[in-house]
Amino acid sequence: MALGDLGPLAEPISEHNGQAVAVRPLTDHPGWLAKLYRSDLHPEDARRIDLLISAPDKLPQADRAALYAETCWPAARIHGPDNPAVGCVIPMAPEQYRAELRRGKFSERRFVEIDWLAKSDESIRGVGLPGPGLEGRLAACRRLTQLAAILEALELVYSDWSFSNAFWSPERRSVYLIDVDGCQPKKMPDLHQPNWADPLTPPGTDADQYTDRYRLGLLVAKCLTGHRDARAFHTVAESLRQAQPAVCEVLLDMLLATDRERRPAAAQLNQALNNGPYLRAAPRPTRSPLPELPPVLAAPPVLPVRSVPSEVPVSPQPADTGTTGATQKPAAASHAAWIFVIVLAAILLVIIVAANH
């Protein structure tokens, strides 16, 4: 579609985010957005966007429906007079992914990002959302991994599996994936993401399906355990092994396999999350050791406090002179004087008694 054919555009709801300069609602088409790209995109991006728009036609009906319902899949490429890839038309995320988040006396209705699942149930309830429990976490991760499996079946690399690129509905236990118009076939530049770096994808190399598998496994591990750091790995290896043994094994192979090509596919993780078996095509891959746990910050020591009965008056203490033990010297001298007087009196008493005899 030509940019001029879209009709008037409303004020941006997002600006200068990633490859987009702005995301603006289409005034004449409620529920649809124009995602406008930076002008430095390569001309081949037009062909890539066309490929994405037509990709769902290759899928079974159920997968195609899931892709349209649970992602902001591009519906049209926007072109201009001198630019074949001005942007694309995408659907707005459904209202079910918004919720009222309470913070103290204030509240705000906003999209609930999936990173809330990487927190404890207590923290989630603290902002007014229902605590998901393990079942709610499993349900959300089933939907997430189903979408990942569909992308992998289309041989598309997403790469940007992270907290900010998916919304979560606690009530419906569903997820909604955004920024999917950035997917590329086979491989794509691996942009640095703090705390999401793949240890087996060297800096400067492209992200591929194996990078996707690592980051997907990391996201699922964090969402299932409610931890954001190395504790997620340890909780998967210990607690999750009892409750979901197949899920545990798939995740550990995704995260710790020393051969990146031995990482399980997204479909295998989805099958395990749906209570299916984990069927390896070969013996278990060699795994790296679990990462070290973060240090536990010790609580400051509590000093004992002597209680004083309220009816006993407390004498004020003399000011500190700055010399250690200076306030103790007068008391020590007084005690020595009294001891001398008592000893002298005893000696005199003995002398008097002896003289009388």
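Leaving out same-chain residues fewer than 8 places away, which lysines sit with a Cα under 20 Å from that of LYS58?
LYS186, LYS187
Scan around ALA85 for amide H atoms under 5 Å from its own, H built in the peptide plane at 1.01 Å from N, and keep only partners 5 or more places away or cross-chain.
GLY80
In what order, largest first, do HIS29, HIS234 sit by accessible area if the probe radius is 1.4 Å? Please list the in-between numbers first.
Details: HIS29 85, HIS234 30 Å².
The most accessible residue leads, giving HIS29, HIS234.
Taking a ≥ b ≥ c as the square roots of the eigenvalues of the Cα gyration tensor of segment 95-274, is the shape rounded (a/c under 1.5), prolate (a/b larger than b/c) or oblate?
Prolate.
Counting only protein heavy atoms and a 1.4 Å probe, tell me what percentage of segment 95-274's accessible area is made up of carbon and sulfur.
On the way: 3640 of 7530 Å².
Its accessible area is 48 percent carbon and sulfur atoms.
Quick one: which residues, 5 or more positions from ASP160 or on another chain, have an amide H under 5 Å from its amide H? H modelled 1.01 Å from N in the peptide plane, none for Pro or chain starts.
none
Could you tally the net charge around ALA257, taking each other residue with its Cβ under 10 Å from the Cβ of ALA257, Lys/Arg +1 and Asp/Glu -1? Intermediate values should be presented prior to the final figure.
Numbers: positive: ARG213, ARG260, ARG262, ARG263, ARG284, ARG287; negative: ASP253, ASP259, GLU261.
Its environment carries a net charge of +3.
With a sphere of radius 9 Å drawn around the Cβ of ASP206, what net charge do the other residues whose Cβ falls strictly inside it have (Lys, Arg +1; Asp, Glu -1)? Could you put the intermediate results ahead of the total?
Details: positive: LYS186, LYS187; negative: ASP190, ASP208.
My count for the surroundings of ASP206 gives 0.
Explain nothing, just the number: relative contact order of segment 95-274, from Cα pairs under 8 Å at least 6 residues apart, as a whole percent.
Numbers: 271 pairs, mean separation 42.8, N = 180.
After rounding, I find 24 percent.
What spacing in nm lies between the two simple spin-label points modelled at ASP5 and ALA281, each 7 Å away from Cα in the Cβ direction?
4.3 nm
Near the amide H of ALA257, under 5 Å away, which other amide H atoms are found, from residues 5 or more places off or on another chain, if H is placed in the peptide plane?
Here SER288 satisfy the definition.
Which of the peptides 267-280, 126-139 is most tightly packed, and how do the rest follow, going by the mean number of other Cβ atoms within 10 Å of each residue?
267-280, 126-139
Within the set of other residues whose C-beta is less than 10 Å from the C-beta of ARG77, count the net charge using Lys and Arg as +1 and Asp and Glu as -1.
Here the count lands on -1.
What accessible surface, in Å², does a 1.4 Å probe find on GLU122, ignoring ligands, DNA and RNA and rounding to the nearest 10?
Estimated to the nearest 10 Å², GLU122 gives 140 Å².
Stretch ASP206-ALA243 to full length: gain in nm at 0.36 nm per residue minus the Cα-Cα span?
Values: separation 37, 0.36 × 37 = 13.32 nm, distance 3.59 nm.
Value of the extension gain: 9.7 nm.
Which of the listed residues, SER54, LEU26, ILE124, is farthest toward the dipole's positive end in segment 1-127, when Lys, Arg count +1 and Asp, Glu count -1 at the beta-carbon?
So the residue furthest toward the plus end is ILE124.
Where only protein heavy atoms count, and the probe is 1.4 Å, what is the accessible area per residue for segment 95-274 in Å²? Show your work: numbers first, answer last.
Details: 7530 Å² over 180 residues.
That works out to 42 Å² for each residue.
The values are calculated or read from the model by the stated rules, or taken from the named source; none is laboratory data. Everything quoted here is computed from the prediction, not taken from an experiment. Methodologically, a virtual Cβ is constructed for each residue, glycine included, from the backbone with ideal geometry; neighbour enumeration extends over all protein chains shown. With ligands, DNA and RNA removed, areas are computed over all heavy atoms of the protein, side chains included. Shrake-Rupley method; radii C 1.70, N 1.55, O 1.52, S 1.80 Å.
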